């Protein structure tokens with residue numbers, strides 16, 4: 001039986017892991033990518049044992065300057081016939097991403113959050129027939145909409161990625177391939193663990209459920225949970241003399 | 001890392017601790033290698049505070065919850081310690097297999113089951129969980145990752161299972177499972193007149209069933225003291241696919257205003273209401289496998305009804321020869337101390353004592369009581385009674401036990417010495433360790 005294949009980048013933890021497990025449960029074969037091989041292997045074993053699907057792990061460092069998506073996708077195609085879905089869930093945010101940036105994490109932040117995903121998406125969309133790509137899902141953040149003094153580099157990289165994806169969506173408008181961008185609110189991951197936040201935190205499993213159930217729908221960009229649309233809207237119209245005093 | 005006051009599940013022991021939740025193995029190892037004392041934390045449902053301590057870093061393991069191997073030929077399953085017993089059993093049942101030693105609640109992790117060397121509903125038939133473990137991988141910052149089984153590092157294997165997490169963090173576990181003997185469980189209910197009769201009947205019946213345990217009412221007068229029901233369970237070929245949802249259980253849930261005001265009445269009502277309801281049910285019922293495995297699931301209101309003050313549980317094993325005399329004195333003690341017992345249950349045990357394993361030949365009695373000063377006094381007197389009749393207490397169920405009482409275990413000192421030899425720098429610590437002076 002030919003199962004659809006999902007390539008999930010940033011699959012070892014958080015939302016990426018939850019999507020991997022949900023897709024495996026729903027009968028997709030999964031190709032999992034992360035920098036930590038020892039964290040991917042247990043997920044692959046678990047998914048293949050529980051759901052009888054094919055799961056392979058690919059260890060790669062997305063922060064490397066010479067990251068070559070051709071090598072990654074080539075390796076994936078050695079084990080799978082095609083790549084029908086790409087979920088780019090990898091992200092990097094440094095605790096030092098506060099105010100002006102220093103060189104130490106600037107490169108890493110921009111590469112993982114912007115350069116590497118656009119390299120992968122560009123290759124996949126330029127050879128649609130080869131890969132048989134159906135949907136590209138990019139996980140972004142509400143941070144991209146409301147810049148603040150913390151996580152400036154992360155937010156600007158994600159914003160750039162969103163603009164790139166929106167452009168590609170327009171480029172692909174006469175094709176069958178769709179692009180989805182999820183701007184996530186607070187999710188219960190290691191980044192948010194233990195933090196007292198003003199709005200509710202949702203579980204990665206909740207996010208995964210939503211993403212996988214809507215994987216073939218061409219809606220463009222979406223806030224999740226949807227109430228963030230209103231929160232972001234309100235934050236955007238707040239006058240500067242008030243906004244500058246808000247700490248969040 | 002967050003700092004938090006952590007309570008034992010009975011609500012009586014607490015510590016100001018730190019909690020971390022690693023999601024990658026290298027983060028876990030980094031945390032373990034730090035200078036701060038650590039302890040593993042599974043579901044956080046242990047009655048005694050074995051998963052936290054003052055200034056100790058509790059390492060949540062529940063993201064390490066994967067199945068790593070499933071070998072039907074050898075009947076072995078390899079899992080990470082954070083997988084819940086419910087999830088593992090659900091998986092096994094779907095494949096046509098069974099695991100016999102399960103605690104009453106499905107969200108308890110395998111790591112927690114190992115640390116407390118738990119027994120299931122019928123220890124007489126299946127022993128403790130150690131009897132079903134083939135191998136463990138343990139990580140200790142001063143020793144690295146160690147493979148322990150019955151051929152390699154057997155001393156450490158025996159010290160870790162039932163070692164309350166004091167030898168390190170379990171990285172993976174290999175468990176032996178069994179073939180399912182049926183598609184559901186038939187439960188037969190037998191009425192019994194008192195506590196002495198209950199144990200004698202259970203001894204008589206135990207070999208005819210796959211599981212046997214009881215419920216008894218200890219709030220009655222002498223003639224009826226311990227009146228109740230024996231539950232005899234056997235696998236059945238009747239198909240019962242009732243789906244059960246695994247519910248959440250926590251100490252926080254009982255801190256609400258509703259339970260504070262209803263606590264005094266609900267505690268009085270629990271036993272008589274349960275007895276009436278059970279009397280009205282059919283003598284034979286058919287349960288789905290998961291329903292039978294996790295009888296407490298769905299009955300969270302019982303624990304919540306204790307309110308903020310919580311409850312205390314005493315679980316002990318009394319040798320068969322001393323049972324009758326013990327029960328007579330127990331009755332006198334309950335009458336004298338005027339305590340209200342919300343739950344009491346018997347199981348039949350067999351086995352030998354080793355370290356602090358809750359295992360020896362005899363009758364196991366569990367008692368739940370709302371927590372207050374009278375309860376503590378009653379339990380202190382019960383300590384003396386248990387010692388008089390050569391019993392042992394379940395250390396993982398009682399957050400009040402002192403080293404003096406833990407010495408009922410003939411190998412208490414050996415356990416203490418072996419733990420200190422393996423972990424001389426006390427890299428792993430908890431309130432339980434401090435309290436028992438291990």
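No lab work stands behind these numbers, since they all come straight from the coordinates. The structure presented is a predicted model; accordingly, all values stated were derived computationally and were not measured. With ideal geometry, Cβ positions are generated from the backbone for all residues, glycine too; neighbour counts draw on all protein chains shown.
Going from the residue with the fewest nearby Cβ atoms within 10 Å to the one with the most, B:251, B:342, B:256 rank B:256, B:251, B:342.
Using the alpha-carbon positions of region B:114-181, Rg (one decimal) and Dmax (whole number) come out as 12.6, 44 Å.
If R0 is 35 Å, the Cβ-Cβ spacing of residue B:374 and residue B:54 corresponds to a FRET efficiency of close to 0.80. Ordering A:113-122, A:201-210, A:217-226 by mean Cβ neighbour count within 10 Å, with the highest value first, yields A:113-122, A:201-210, A:217-226. Within 10 Å of the Cβ of each residue in B:57-68, the mean number of Cβ atoms contributed by other protein chains is 3. Taking Cα atoms only, the orientation of helix B:195-205 departs from the longest principal axis of chain B by about 70 degrees. Stretched out straight at 0.36 nm per residue, the stretch from residue A:38 to residue A:196 would grow longer than its current Cα-Cα span by 53.8 nm. By definition, a body whose alpha carbon gyration tensor gives a ≥ b ≥ c is oblate when a/c is 1.5 or more and a/b is not larger than b/c, and region B:221-296 fits this oblate description. Just to verify a number: FRET efficiency for residue B:413 and residue A:122, C-beta to C-beta distance, R0 = 56 Å, to 0.05? Step by step, r from the Cβ atoms, then E = 0.25. Which value in Å is the Kirkwood Rh of chain B over different Cα pairs? It works out to 22.1 Å.
Helical content alone sets the calculated 222 nm signal of the protein assembly as shown at -10000 deg cm²/dmol, taking -39,500 (n - 2.57) per DSSP H segment of four or more residues and averaging over every residue. Taking chain A as the reference, fit the longest principal axis to its C-alpha atoms, fit the long axis of helix A:69-79 to the helix C-alpha atoms, and give the angle between the two in degrees, 0 to 90, nearest 10. In chain A, helix A:69-79 runs at an angle near 40 degrees to the longest axis. For a quick check, take a GNM of chain A with Cα springs below 10 Å and name the residue from A:192, A:183, A:135 with the largest mean-square fluctuation. With Cα springs under 10 Å in chain A, the top fluctuation among A:192, A:183, A:135 is at A:192. Of B:420, B:176, B:187, the residue with the greatest mean-square motion in the GNM of chain B, using alpha carbon springs below 10 Å, is B:420. Measuring nothing but how far apart in sequence close Cα pairs (under 8 Å, 6+ apart) lie, relative to its length, chain B scores a relative contact order of 18 percent. For helix B:257-280, what angle does its Cα long axis make with the longest principal axis of chain B, in degrees from 0 to 90 and rounded to 10? On a 0 to 90 degree scale, this one is about 60. The protection proxy used here, the mean number of other Cβ atoms lying within 10 Å of each residue, ranks peptides B:162-174, B:355-367 as follows, highest first: B:162-174, B:355-367. Highest average first, the peptides A:67-73, A:26-32 ordered by how many other beta carbon atoms sit within 10 Å of their residues are A:26-32, A:67-73. Using 0.36 nm per residue, how much length does the chain from residue A:148 to residue A:173 gain when fully extended, once their Cα-Cα distance is taken away? Computed gain between residue A:148 and residue A:173 is 5.7 nm. Each of residue A:3 and residue B:434 was given a label point 7 Å from its Cα along the Cα-to-Cβ line. The distance between the two points is 4.9 nm. The spread of Cα positions in the protein assembly as shown, taken along each principal axis and listed from longest to shortest, comes to 86, 58, 51 Å. Between residue B:176 and residue B:142, the contour length at 0.36 nm per residue exceeds the alpha carbon distance by 9.3 nm.
With Cα atoms as the point set, the radius of gyration and Dmax of region B:170-299 evaluate to 17.8, 52 Å. Each of residue A:107 and residue B:248 was given a label point 7 Å from its Cα along the Cα-to-Cβ line. The distance between the two points is 4.3 nm.
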